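Shown next, in C-alpha cells, is the structure this report addresses.
The values are calculated or read from the model by the stated rules, or taken from the named source; none is laboratory data. Since this is a predicted model, take the numbers as computed values, not measurements. Using ideal geometry, Cβ is built from the backbone for each residue, glycine included, and neighbour counts are taken over all protein chains shown.
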C-alpha cells in the first residue's frame, strides 16, 4: 500500500482523550458536540449539562491523519498535541430551576 503526502496540504489536528463514552440519540454528522474553552493553561469542555476539565499535552510521537485514496493512503494531517480530560464529568446545575421556599430542613414550625 502506498502512502502519499501532498506538499503543504497536511493540516494540524488536536486529539481529545475523554474518560467515558460520548453517546448521541441521533446521528453525529454535523452535530455540535459541545463548547471547548482554554484559559490559563486549563481546558474545559461543556457537553450538554456536563463539564469536563483537562490539560493540553504534547504527544511524544506525533500521529498522522490519513484517508484512503485510490492506490493507497494519503496523509491529510498531523496530530502533535492532545487534551487529556482525566476527571469524571461533573454535572452543571440548571440556573433556571424554580427555587423551593420550604424543604425538609427548613419547614415552618
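Tabulated data for the structure shown
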| read-out | value |
| --- | --- |
| Residue under evaluation residue 48, criteria (1) under 30 Å from residue 7 (Cβ atoms); (2) under 13 Å from the mean Cα position of the chain (by Cα), criterion not met | (1) |
| Residue match in the range 27-34 (condition: in contact with a strand residue (DSSP E or B) (Cβ under 6 Å, 6 or more places away or on another chain) and at pLDDT 90 or above) | no |
| Hey, residue 73 in contact (Cβ under 8 Å) with a residue 12 or more places away in the chain, over 25 Å from residue 90 (Cα atoms) and surrounded by 14 or more Cβ atoms within 10 Å (Cβ to Cβ) or not | yes |
| Condition check for residue 86: touching a strand residue (DSSP E or B) at 6+ places or on another chain (Cβ under 8 Å) and in a strand (DSSP E or B) | no |
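Okay, residues lined up against (1) surrounded by 10 or more Cβ atoms within 10 Å (Cβ to Cβ); (2) free of Cβ contacts under 8 Å to residues at least 40 places away in the same chain; (3) in contact with a helix residue (DSSP H, G or I) (Cβ under 7 Å, 6 or more places away or on another chain):
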{"site": "2", "(1), (2), (3)": "no, no, no"}
{"site": "14", "(1), (2), (3)": "yes, no, no"}
{"site": "21", "(1), (2), (3)": "no, yes, no"}
{"site": "25", "(1), (2), (3)": "no, yes, no"}
{"site": "38", "(1), (2), (3)": "yes, yes, no"}
{"site": "50", "(1), (2), (3)": "yes, no, no"}
{"site": "59", "(1), (2), (3)": "yes, no, no"}
{"site": "82", "(1), (2), (3)": "yes, no, no"}
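Quick grid of which residues meet (1) assigned to a strand (DSSP E or B); (2) within 11 Å of residue 85 (Cβ to Cβ):
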position: 12; (1), (2): yes, no
position: 16; (1), (2): yes, yes
position: 21; (1), (2): no, no
position: 28; (1), (2): no, no
position: 32; (1), (2): no, no
position: 37; (1), (2): yes, no
position: 43; (1), (2): yes, yes
position: 46; (1), (2): yes, no
position: 51; (1), (2): yes, yes
